[in-house]
Amino acid sequence: MAERSFDCVVIGSGPGGYVAAIRAAQLGMSTAVIEKDAVGGRCLNYACIPAKAVLRAADILTEVREAGEYGIRVGEPEVDFPAVMERRGKVVATLTGGVSGLFKKNKIELIAAEASLGEAGTVRVGDDVLRSKTVILAAGSIPRAIPGVEFGGRVIGTEEAWAFAALPGRLAVIGAGASGAEIASAYARLGSETYLFEMLDRVLPTEDEDISKVVGRGLSRQGINVHTNTPVSDVKSTRTGVSFTIGEEKLTADWLVIAAGRGPDVAALGLDAAGVKLDDRGLIAVDGAQCTSAEGIYAIGDLVAGPALAHKASDEGIIAVESAAGLQTHPLVNEDIPRATFCTPNVGSFGLTEAQARERGFDVVVGKVPYGAVGAGTVYGDRTGLVKVVGERRYGELLGAHIVGTRATELIQELVNVRELEGGYAEVARIVHGHPTLSEAVMEAARDADGWLIHG
Ligand SMILES: Cc1cc2nc3c(=O)[nH]c(=O)nc-3n(C[C@H](O)[C@H](O)[C@H](O)COP(=O)(O)OP(=O)(O)OC[C@H]3O[C@@H](n4cnc5c(N)ncnc54)[C@H](O)[C@@H]3O)c2cc1C
């Protein structure tokens, strides 16, 4: 048994763990990262990045198909699915290689093994013990099935759905949240006959209702068979496919993807013995500095409460390490973290929906502008996109913003920044925006909230 010491040991190398490790090294801590699978975590290897690489191929295909509208004649495009997946692999390799390079540059030791917590201030890796004043738990999450359905055979999770060896002929997806909508939107456009089932009454049910409407229409236009208010039951997987029932109807598909949530990957961590407590949802309980109930042990990312998003994991990693180093950290307001869904149409949002703002008793003011209201919407071929700003009348506060349409995932950041810098919708309305850009629709929505919409 070997024993070694570090200033900081990080368990997990996803966007939470690797960013925490780099920040720790920047602050002069000798740092090790322990990873049981692939460097870069699930985000880079199986989730965010592979998903966006495949979605990008679907977006290119859409552009080629619509090229005629811009006076560019092309033949009927052909999907070379193995080549799509080959590029996906290259994108992943480039980015995970980048993380390995950053570890080397920052003199961070990467240990390929499964880790668990040992006695106070120690981490066990096989027979070896690592001593460290600071331990960051960044083990991420694993998929959760739904009651009555188990993973296995042709019933798969979202990570497998972004790693198909062949384009599915018929694909069924349970759950029309961000992941389910992305999978359906990619594969329907690439050529799979696609079904999307949602228990609740609309797609992207946690987004603002106006946004769900536009996305629902967009997904149907892509040929996706969208069924809301629809539980799926009687799932049976065979060697070549899967059968299931919706209402009275029996359906079959090549694959059934369950995109219905994830839970923290805590099984191997030895939390109990180390005195790390869970909250009532089974996530690791932390305070505002990411400290767990055990001294010197921090937890971040998908292991703790808040939206399961890569950028949230990274920010918490920075907070944890800076807090361990005795620095002043910044507060993280989960509601104000930008949310992005990369289906077509794109969705970007933060803060409260209009309904949530009204429920909380705010004197709500709403500004709403379609992309078609500004020149860029017509120039770039998306007049149906929508920017919706939810504000509070008395102090002009930006309570939330919701964008659906081309580049919504990029456009939302402006409003997040304004809120973070304590600006309101009236300020956004008077900031000069470049022309012709889609960001002018953001400015116009803010003007609408402020009562002086120019283009509309
Ligand atoms: C299909 C899909 C698409 C997504 N798309 C997006 C997106 O577009 N944008 C976004 O922001 N978020 C997205 N997410 C969410 C995002 O992937 C997670 O929020 C993010 O990965 C969390 O980062 P993390 O560092 O907490 O954990 P992870 O990325 O899960 O990394 C944790 C790492 O810890 C390792 N590990 C676990 N236990 C141990 C142990 N005991 N010892 C050693 N190593 C261990 C794991 O092997 C893993 O590599 C997506 C998720 C899915 C499933």
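All of the numbers you see were taken from the coordinates with simple rules; none came from a lab. Since we're looking at a predicted model, the values are computed, not measured. Here the Cβ is made from the backbone with ideal geometry for all residues, glycine too, and neighbour counts use every protein chain on show.
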task: Residue by residue through the range 258-302, note down the ones that are within 12 Å of the ligand (Cβ to nearest atom), out of contact with any Gly (no Cβ under 7 Å at 6 or more places or on another chain) and hydrophobic (A, V, I, L, M, F, W, C).
output: VAL266, ALA267, ALA268, LEU269, LEU271, LEU283, ILE284, ALA299
message: Quick check on the range 148-201: of everything there that is part of a helix (DSSP H, G or I), within 19 Å of LEU61 (Cβ to Cβ) and of a type in the set (Gly, Ala, Ser), which residue is farthest from the chain's Cα centre (by Cα)?
response: ALA188
message: Cβ-Cβ distance below 8 Å, separation of 6 or more or different chains: which pairs start in the range 243-272 with a residue that is at positive phi and free of Cβ contacts under 8 Å to residues at least 12 places away in the same chain and end on one that is of a type in the set (Phe, Trp, Tyr) and away from the ligand (no atom under 11 Å from the Cβ)?
response: none
query: Does SER13 satisfy the condition of being under 19 Å from VAL321 (Cβ atoms), away from the ligand (no atom under 15 Å from the Cβ), touching a residue at least 40 places away in the same chain (Cβ under 8 Å) and not aliphatic (A, V, I, L, M)?
result: no
- prompt: Which residues, counting only those in the range 111-169, are of a type in the set (Phe, Trp, Tyr) and within 20 Å of THR238 (Cα to Cα)?
  reply: PHE151, PHE164
message: Among the residues of the range 178-196, are any more than 29 Å from ASP80 (Cβ to Cβ) and either within 16 Å of the ligand (Cβ to nearest atom) or of a type in the set (Gly, Ala, Ser) (or both)?
response: no
message: Criterion first (assigned to a helix (DSSP H, G or I), touching a strand residue (DSSP E or B) at 6+ places or on another chain (Cβ under 8 Å), touching a residue at least 12 places away in the same chain (Cβ under 8 Å) and within 16 Å of the ligand (Cβ to nearest atom)) does ARG42 satisfy it?
response: yes
query: Given ARG4, ARG65, ARG73, ARG56, which one is of a type in the set (Lys, Arg) and under 26 Å from ALA268 (Cα atoms)?
result: ARG4
- line: In the set PRO82, PRO50, the lone residue that is under 22 Å from the mean Cα position of the chain (by Cα) and either farther than 15 Å from VAL10 by Cβ or hydrophobic (A, V, I, L, M, F, W, C) (or both) is PRO50
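Condition check ((1) within 26 Å of GLY177 (Cα to Cα); (2) of a type in the set (A, V, I, L, M, F, W, C); (3) more than 8 Å from the ligand (Cβ to nearest atom)) across all residues:
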position	(1), (2), (3)
LEU309	yes, yes, no
SER314	yes, no, no
ALA325	no, yes, yes
GLN328	no, no, yes
PRO345	yes, no, yes
GLY348	yes, no, yes
